[in-house]
Each structure stands twice: as structure tokens, then as C-alpha cells.
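For reference, the structure discussed in these notes is given below.
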Amino acid sequence: MNDPKGRREFLQLLGLGGVVFASGLAGACSKILRKSAGPEDDFFFVQLSDTHWGFKGPPNPEAANTLRQAVQAVNALPIQPDFVVFTGDLTHTTDDDAERRKRMREFKAIVADLKTPVRRYMPGEHDASLDQGKAFEEQFGATRYSFDHKGIHFAVIDNVSDPQAALGDKQLDWLHADLKPLPAEAPIVVFTHRPLFDLAPQWDWATKDGSKAIDLLQQWKNVTVFYGHIHQEHHFRTGAIAHHAARSLIFPLPAPLSQPKRAPVPWDPMHPRRGLGFREIGVDESRLVLTLKEDSLEGAPTAQPAAAIGSF
Amino acid sequence: MRDALWMMLAVTLAAAAALAQDKVIAVTAERFKFTPAVIELKLGEPVVLELTTLDRKHGFQIPDLKIDESIEPGKVTRLRIVPDKAGTFPFHCDVFCGSGHEEMAGEIVVKP
């Protein structure tokens, strides 16, 4: 890309039920998400994903600061989102149950600095697979739930508490019961961690019974899925359903099956935050068109050193 | 019904005889590796992989061959493979087992 920093770029317009893709620097162009209509007519929320708090290693020597940088970048948006959703892997996995809970408490303390008071959480396999979600539920609540916000139905589904990456029939029954009262045209947004479709099963980038969820969701005409796990922006369609993966906030991973192993993209000291970012999702007044803006952490303000934050 | 039972028994006996004649390759799983990590097979030569774990539950998934098995502590998972095409077929653990799980992988190499 030869575009100068901060330039807005529209990549695709899909029309009804579709999305407008855009990319830019954190905080550079949020006003695109607000039209001239009244403030009640449209809104936006922010997706943060794969923060892996507690990770230490060469793929991100600045890991102790990256989450704070993301919090600052979101706080620097000229308009604050209605809510922030974290699509899993809030913490990096550990065998030590006490350390897992400590990391979760530290994570909560850091994101408490977000100006946006409404935060929605879900686990990734790093948070939940070793204890089937027990610590996550203690710290953040249910691993699957739904809520409504300004005319959109949001469903959070858990494909990580089962270490074999399955949703399970019980959860699928719950999802069906949750969506059943909605008309076929209802706008629905699904949050999950792993891709529901078989993006790259060789890299464990799939959900064992994700096809059952997709078959179920196909009964509704306006469904969009936002997920994480793969540490990169990715867009895919299964029938009428759009699936959008978000960038990570710890280290990027290579494109699906682009190399023999899914090893992290090596850290570049000249561009220490390359490939890291978050997403703003705008919802227009029709509730049928979503606007995705990908914000890079490159160029975002530097966070305070970890030592200045205090202990937990 | 009686004929059906005999048929099932015959198939079972035939399968057991085939298993008894097949080459056996022991594969151990432990966090976060398989041993051996590269399994070399010959085209058309049946083998039985005997999968065991040295620590906890793991998985053994070969997406290209639609194979997805669990490896439980204290048990031997036997997997009969008749390679019908040459090539390299990656496998990995699909039961999340901790930091390093993402690297727990290997490959089956089928030579002509």
C-alpha cells in the first residue's frame, strides 16, 4: 500500500446487509461512523481482540504496554463507542490457576481505564480451554449470552470452553431458542472467538461443529459474525452470512496456510506495532448496513510504562 | 438376522487379521510434541498408528484425510491407515493443551 498515513480507504460496498470496509490510523477518522442524522439514529461499537495479557516473548517485546496503548487509542477516538467488545484471548494461557486469575484481574484493571463504561467479554481458548471456562466465569460472567442494543440482537457464543473447539448441542439449542422469536429480517450480530467456518482446520482455525451454527444462522437474512483467534483482518461469506476476523493486540499471524506453520510474524523493531489494531463497527439507521473501520496501533500514542500503572 | 450377525463377525475377523499383519508405528503425544513428528509411510502399505499420551489428553487430527482422534491417558488409540496417495499430510493436536499447543504438530509423508 502506498497510501499516506491516515488516508481513509473504502474497499468495498456490498449494499443491503453488507458492509463498507475502511482502514486508517487509530483515532484518525471516526467521524465517518456518524452521519448528519440525530445521535439516536446510528451508533458504533469497537472490537478488540486477542490481547493475550501475560504473554512474554520475542513476537512482542512490548507486550506489557500494548494493551494500554490500545486503551489509549480507543479513548482518543473523537466520539466514544456505545460499547467495546473483546472477542477472546483476553489473557495468555497459563497452567497455574492462580496466575490465570491474576492475569484476568490485571486485564480488568487495565481496561477499566476505557472511557466507554459498557464492555462485553468472551473467552478465547487461552482464557478458558484449560479449566473449561471456570476462571473466566468467575471474573467476567457467562461465556455465552445475548443482548439487544438499539434494534440489533447480539449473541455471544462460546467455541473455546470445550478444549476440542466445539459449541456442543446444548449451546446450539440455546442459540436456536434465543433467536427463534426474531423475524427473518432481524439484524443479528454474532460474536465468537474461533471462525465458525473451516478457514484453516490444519491450523486449528475452525470450530468442530461450526457448520451447525452456520446452518442455524442461515434462517435469518441479516447476520454478521465478528471473531478473533487468527490475529489478522479477514473477511469471508457463507451464504448470506458475513464473517469478519479482527486484528490482534499482541502479534500478527501469517495469512491462512501461507506457510508451513502458524508461527507469529516476526517482530519488526522498526515497526513494533505493525499488524496490531482494532476495529470500529458503525451501524446505520437502517440497522442493515455495517461500516467497518480497521484502526492500526501504528502511530497511536505511546502508553505509559507498565511500572506507572501500579499493582493489582 | 443370523446371516447378518455372521457377516458382521466375518468382517470383524477380517479386520482383526488385517490389523495383525499391518506394520505398527508407535506415536507418543506429550505437551507440546509428537514423537515421531514425521511419520514416513509407503504408498499402498497399510499401517497401524498406536497413539498414546505421556501426560494428558491430546488430539490427533489430519484434516486432509478427515481423521480426528482423541488420545486419552491410559489408553491406546489405534488408527489404521492405507495410504492411497503420495504427499505430505500435516497433523496436529486439536485439544488445547496449554502454551505451546499451537506448535504441537507433525506430518505424515507418503512416498511412492
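The values are calculated or read from the model by the stated rules, or taken from the named source; none is laboratory data. This is a predicted model, so every value here is computed, not measured. With ideal geometry, Cβ positions are generated from the backbone for all residues, glycine too; neighbour counts draw on all protein chains shown. The protein model used for the area step is the full one, side chains on, heavy atoms only, and it has no ligands, DNA or RNA in it. Shrake-Rupley method; radii C 1.70, N 1.55, O 1.52, S 1.80 Å.
Would you confirm, using the coordinates I've provided, whether A:Ala155 is open to solvent by 40 Å² or more (accessible area, probe 1.4 Å), in contact with a strand residue (DSSP E or B) (Cβ under 9 Å, 6 or more places away or on another chain) and of a type in the set (A, V, I, L, M, F, W, C)? Please lay out each step first, then the result.
Details: open to solvent by 40 Å² or more (accessible area, probe 1.4 Å): no; in contact with a strand residue (DSSP E or B) (Cβ under 9 Å, 6 or more places away or on another chain): yes; of a type in the set (A, V, I, L, M, F, W, C): yes.
Here the answer is no, as A:Ala155 does not meet what is asked.
Which numbered condition trips up A:Asp127, out of (1) touching a residue at least 40 places away in the same chain (Cβ under 8 Å); (2) surrounded by 20 or more Cβ atoms within 10 Å (Cβ to Cβ)?
Tallying (1) touching a residue at least 40 places away in the same chain (Cβ under 8 Å); (2) surrounded by 20 or more Cβ atoms within 10 Å (Cβ to Cβ), A:Asp127 fails exactly one: (1).
Give A:Asp198, A:Asp173, A:Asp158, A:Asp178 a once-over and let me know the one that is touching a helix residue (DSSP H, G or I) at 6+ places or on another chain (Cβ under 7 Å) and free of Cβ contacts under 8 Å to residues at least 40 places away in the same chain.
Details: A:Asp198 fails: touching a helix residue (DSSP H, G or I) at 6+ places or on another chain (Cβ under 7 Å); A:Asp173 fails: touching a helix residue (DSSP H, G or I) at 6+ places or on another chain (Cβ under 7 Å); A:Asp178 fails: touching a helix residue (DSSP H, G or I) at 6+ places or on another chain (Cβ under 7 Å).
Of the residues listed, the single one that is touching a helix residue (DSSP H, G or I) at 6+ places or on another chain (Cβ under 7 Å) and free of Cβ contacts under 8 Å to residues at least 40 places away in the same chain is A:Asp158.
Please find, within the stretch B:52-109, the residue that is nearest to the other protein chains (Cβ to nearest Cβ) out of those that are β-branched (Val, Ile, Thr), surrounded by 17 or more Cβ atoms within 10 Å (Cβ to Cβ) and free of Cβ contacts under 8 Å to residues at least 40 places away in the same chain.
Of the stretch B:52-109, the ones β-branched (Val, Ile, Thr) are B:52-53, B:62, B:67, B:71, B:76-77, B:81-82, B:88, B:95, B:108-109.
Subset that is surrounded by 17 or more Cβ atoms within 10 Å (Cβ to Cβ): B:52-53, B:62, B:71, B:77, B:81, B:95, B:108.
Next cut, free of Cβ contacts under 8 Å to residues at least 40 places away in the same chain only: B:52-53, B:77, B:95.
Values: B:Thr52: 18, B:Thr53: 14, B:Thr77: 14, B:Val95: 5 Å.
Among those residues, the one meeting the criterion is B:Val95.
How many of the residues in the stretch A:99-124 are under 15 Å from the mean Cα position of the chain (by Cα) and either part of a helix (DSSP H, G or I) or crowded, with 23+ Cβ neighbours inside 10 Å (or both)?
Number of matching residues: 5.
Could you check, for the stretch A:167-184, whether at least one of its residues is open to solvent by less than 60 Å² (accessible area, probe 1.4 Å) and either within 14 Å of chain B (Cβ to nearest Cβ) or part of a strand (DSSP E or B) (or both)?
Among the residues of the stretch A:167-184, not one is open to solvent by less than 60 Å² (accessible area, probe 1.4 Å) and either within 14 Å of chain B (Cβ to nearest Cβ) or part of a strand (DSSP E or B) (or both), which makes the answer no.
Counting only residues that are in a loop (DSSP other than H, G, I, E, B) and over 17 Å from the mean Cα position of the chain (by Cα), which one in the stretch A:86-98 is farthest from the other protein chains (Cβ to nearest Cβ)?
Filtering the stretch A:86-98 for residues in a loop (DSSP other than H, G, I, E, B) gives A:88-90, A:92-96.
Add one more test, that the residue is over 17 Å from the mean Cα position of the chain (by Cα), and what stays is A:93-96.
Details: A:Thr93: 5, A:Thr94: 7, A:Asp95: 6, A:Asp96: 11 Å.
It comes out as A:Asp96.
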